[in-house]
Amino acid sequence: MKREQLTEKILDLKRDNGWTWKHITAQIGGVSPVLVVGALLGQMKLVKPLARKAAALFGLSPGEERMLNEV
């Protein structure tokens, strides 16, 4: 899977579940909601503990979770 495909998967899950970015960032936590959203869109990276929370929220595989920790 390429990073762009993971971004599309995350956006599809967001739409399918009717989640807002505010809901998602509240569930994942972290210092900055902007950083979390940017990371989910593939423009930044999440630190491993936040990547783990995001993977749990979105039901991602271990490989997809590791991709969240890369730019």
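The values are calculated or read from the model by the stated rules, or taken from the named source; none is laboratory data. Source: prediction; values computed, not measured. Quick reminder, even Gly has a Cβ in these numbers, built from the backbone with ideal geometry, and neighbours come from all protein chains shown. The area values use the complete protein model at the heavy-atom level, side chains included, leaving out ligands, DNA and RNA. Shrake-Rupley method; radii C 1.70, N 1.55, O 1.52, S 1.80 Å.
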Report yes if some residue within region 4-16 is in a loop (DSSP other than H, G, I, E, B) and either exposed (fewer than 13 other Cβ atoms within 10 Å of the Cβ) or of a type in the set (Val, Ile, Thr) (or both); otherwise report no.
no
Report every pair of residues separated by at least 6 positions or lying on different chains whose Cβ atoms are under 7 Å apart, first residue within region 40-58 and touching a residue at least 12 places away in the same chain (Cβ under 8 Å), second open to solvent by 70 Å² or more (accessible area, probe 1.4 Å) and assigned to a loop (DSSP other than H, G, I, E, B).
MET44/VAL71; LYS45/GLU70; LYS45/VAL71
State whether the residues of region 40-49 include one that is at pLDDT 95 or above, over 19 Å from GLU4 (Cβ atoms) and surrounded by 15 or more Cβ atoms within 10 Å (Cβ to Cβ).
no
If the Cβ limit is 9 Å and pairs must be 6+ apart or interchain, which residue in region 18-36 that is among the charged types (D, E, K, R) pairs with which residue that is surrounded by 14 or more Cβ atoms within 10 Å (Cβ to Cβ)?
LYS22/PRO33
I want to confirm something. Restricting to region 50-71 and keeping residues that are at pLDDT 95 or above and charged (D, E, K, R), which single residue is surrounded by the fewest Cβ atoms within 10 Å (Cβ to Cβ)?
ARG66
Being modelled with pLDDT of 95 or more and either within 11 Å of PHE58 (Cα to Cα) or open to solvent by 60 Å² or more (accessible area, probe 1.4 Å) (or both) is the filter here, so list the residues in region 20-32 that pass it.
THR20, TRP21, LYS22, HIS23, ILE24, ALA26, GLN27, ILE28
Selection count, region 17-51, where residues are part of a loop (DSSP other than H, G, I, E, B), over 17 Å from GLU65 (Cβ atoms) and not hydrophobic (A, V, I, L, M, F, W, C)
4
